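**Student:** Pasting a structure below so you can have a look.
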Amino acid sequence: MGEKMKLYGFEVSGHVHRVRLLLSFLKIPFEWIITQYADMNSEEIKQLNPWKQVPILKDGDIVISDSNAIMVYLVKKYGNEDFWLLKDPLASSWVQRWFSYSAGELRYGPSTARRIQLYKTNEDSEAPKQIAAKLFKFMNDYLEGKEYLVNDHITLADLAMYSYTSHAPEGHISLQPYPNIVSWLKRIESLPEYVPLKWSYPSMKDY
């Protein structure tokens with residue numbers, strides 16, 4: 001590995017955090033370019049990603065956006081693909097399924113509810129809370145008797161779902177009704193490679 005990787009992204013972004021988690025697990029040194037919303041209209045960001053979205057990973061001459069795409073790239077190039085994405089066809093399909101949940105229900109549920117509260121937007125907060133309730137009920141039931149989402153060890157499925165789930169309380173969504181989710185979150189947080197996502201309102205953490 002030559003030039004140190006650069007990761008562009010917000011401090012409070014769960015999408016950025018899942019990439020930071022994986023970089024920590026893979027022990028890959030990188031430079032974190034902490035961005036602000038005003039930076040999204042900069043020429044540098046527009047050249048790196050015409051959609052003006054983060055995270056963006058720059059690995060030498062390679063530029064990748066989208067958090068799940070970045071994680072797949074990192075695992076395939078620098079990690080153990082069979083460990084993180086799993087070799088078994090059915091298990092691997094479940095990793096992809098959790099990717100879909102992270103881009104769908106997680107984004108439009110807990111992530112949106114949190115964004116509404118953090119940035120005080122005028123959007124309806126009830127719809128994302130209803131999506132979150134349905135998702136978390138499914139996750140909590142699914143995690144019964146399981147340590148991680150797909151296998152007996154952490155995979156990209158867990159990283160994709162962790163950040164916005166853990167910070168759901170910042171969107172006024174309590175995690176107390178979901179003990180299996182809470183145990184899963186604490187299990188991830190106990191791993192030595194774990195790095196935290198910044199809490200904008202630390203007092204709102206309820207697990």
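The values are calculated or read from the model by the stated rules, or taken from the named source; none is laboratory data. Quick caveat, the model's predicted, so the values are computed rather than measured. Neighbour counts run over all protein chains shown; Cβ positions are idealised from the backbone, glycine included.
Let's see how each residue does on (1) in a strand (DSSP E or B); (2) in contact (Cβ under 8 Å) with a residue 60 or more places away in the chain; (3) more than 24 Å from Thr35 (Cβ to Cβ):
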| residue | (1), (2), (3) |
| --- | --- |
| Lys52 | no, no, no |
| Lys58 | yes, no, no |
| Tyr73 | no, no, no |
| Leu90 | no, no, yes |
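**Student:** Counting just the residues of the range 173-200 that are in contact with a helix residue (DSSP H, G or I) (Cβ under 6 Å, 6 or more places away or on another chain) and in a loop (DSSP other than H, G, I, E, B), which one comes out farthest from Ala113 (Cα to Cα)?
**Tutor:** Just the residues of the range 173-200 that are in contact with a helix residue (DSSP H, G or I) (Cβ under 6 Å, 6 or more places away or on another chain), to begin with: 173, 175, 178, 180-181, 185, 188, 193, 195, 197, 200.
Of the ones still in play, those that are also in a loop (DSSP other than H, G, I, E, B) are 173, 175, 178, 193, 195, 197, 200.
Values: Ile173: 8, Leu175: 14, Tyr178: 18, Glu193: 28, Val195: 23, Leu197: 17, Ser200: 14 Å.
Applying the filter and picking the extreme gives Glu193.
**Student:** Of the residues Tyr101, Tyr108, Tyr148, which is touching a residue at least 12 places away in the same chain (Cβ under 8 Å), of a type outside the set (A, V, I, L, M), under 30 Å from Glu81 (Cα atoms) and in a loop (DSSP other than H, G, I, E, B)? Please lay out each step first, then the result.
**Tutor:** Working: Tyr101 fails: in a loop (DSSP other than H, G, I, E, B); Tyr108 fails: in a loop (DSSP other than H, G, I, E, B).
Going through Tyr101, Tyr108, Tyr148 in turn, just one is touching a residue at least 12 places away in the same chain (Cβ under 8 Å), of a type outside the set (A, V, I, L, M), under 30 Å from Glu81 (Cα atoms) and in a loop (DSSP other than H, G, I, E, B): Tyr148.
**Student:** Across the range 161-172, what is the total count of residues that are assigned to a helix (DSSP H, G or I), within 13 Å of the chain's Cα centre (by Cα) and not β-branched (Val, Ile, Thr)? I'd like the intermediate steps shown before the answer.
**Tutor:** Taking the range 161-172 and keeping what is assigned to a helix (DSSP H, G or I), we get 161-166, 168-171.
Next, from what is left, pick out any that are within 13 Å of the chain's Cα centre (by Cα): 161-166, 168.
With not β-branched (Val, Ile, Thr) added as a condition, the list becomes 161-164, 166, 168.
Total satisfying the criteria: 6.
**Student:** Among residues belonging to the range 113-170 that are of a type in the set (Asp, Glu) and more than 29 Å from Tyr37 (Cβ to Cβ), point out the one that is surrounded by the most Cβ atoms within 10 Å (Cβ to Cβ). Even if it seems obvious, please write down each step before you answer.
**Tutor:** Step one: list which residues in the range 113-170 are of a type in the set (Asp, Glu), which gives 123-124, 126, 141, 144, 147, 152, 158, 170.
Subsequent filtering for residues that are more than 29 Å from Tyr37 (Cβ to Cβ) retains 141, 144, 147, 152.
Numbers: Asp141: 10, Glu144: 8, Glu147: 14, Asp152: 8.
Step by step, filter the range 113-170, then rank; the result is Glu147.
**Student:** Which of the residues that make up the range 165-207 are charged (D, E, K, R), without any contact (Cβ under 8 Å) to a residue 60 or more places away in the chain and more than 20 Å from Tyr101 (Cβ to Cβ)?
**Tutor:** Lys186, Glu189, Lys205, Asp206
**Student:** Give the number of residues within the range 54-104 that are aliphatic (A, V, I, L, M), more than 22 Å from Val150 (Cα to Cα) and either in the same structural domain as Thr155 (by TED's automatic domain parsing) or surrounded by 14 or more Cβ atoms within 10 Å (Cβ to Cβ) (or both). Walk me through it before giving the result.
**Tutor:** In the first step, residues of the range 54-104 are kept if they are aliphatic (A, V, I, L, M); the result is 54, 56-57, 62-64, 69-72, 74-75, 85-86, 90-91, 95, 103.
Narrowing further to those that are more than 22 Å from Val150 (Cα to Cα): 54, 56-57, 62-64.
Retained after the next criterion (residues that are either in the same structural domain as Thr155 (by TED's automatic domain parsing) or surrounded by 14 or more Cβ atoms within 10 Å (Cβ to Cβ) (or both)): 54, 56-57, 63-64.
The number of residues fulfilling the criteria is 5.
**Student:** I've got another one for you. When Ile45 is evaluated against the numbered criteria (1) β-branched (Val, Ile, Thr); (2) in a helix (DSSP H, G or I); (3) within 19 Å of the chain's Cα centre (by Cα), which criterion, by number, is the only one it fails?
**Tutor:** (3)
**Student:** Here's a follow-up. Restricting attention to the range 13-53, and to residues there that are within 16 Å of Lys198 (Cβ to Cβ) and polar (S, T, N, Q), which single residue is surrounded by the fewest Cβ atoms within 10 Å (Cβ to Cβ)?
**Tutor:** My answer is Gln36.
**Student:** Right, another one. Are there any pairs, at least 6 apart or on different chains, whose C-beta atoms fall under 6 Å, with the first in the range 118-138 and over 21 Å from Ser203 (Cα atoms) and in the same structural domain as Ser102 (by TED's automatic domain parsing) and the second surrounded by 13 or more Cβ atoms within 10 Å (Cβ to Cβ) and aromatic (Phe, Trp, Tyr), and if so, which?
**Tutor:** What qualifies is Ile131/Tyr108; Phe136/Tyr178.
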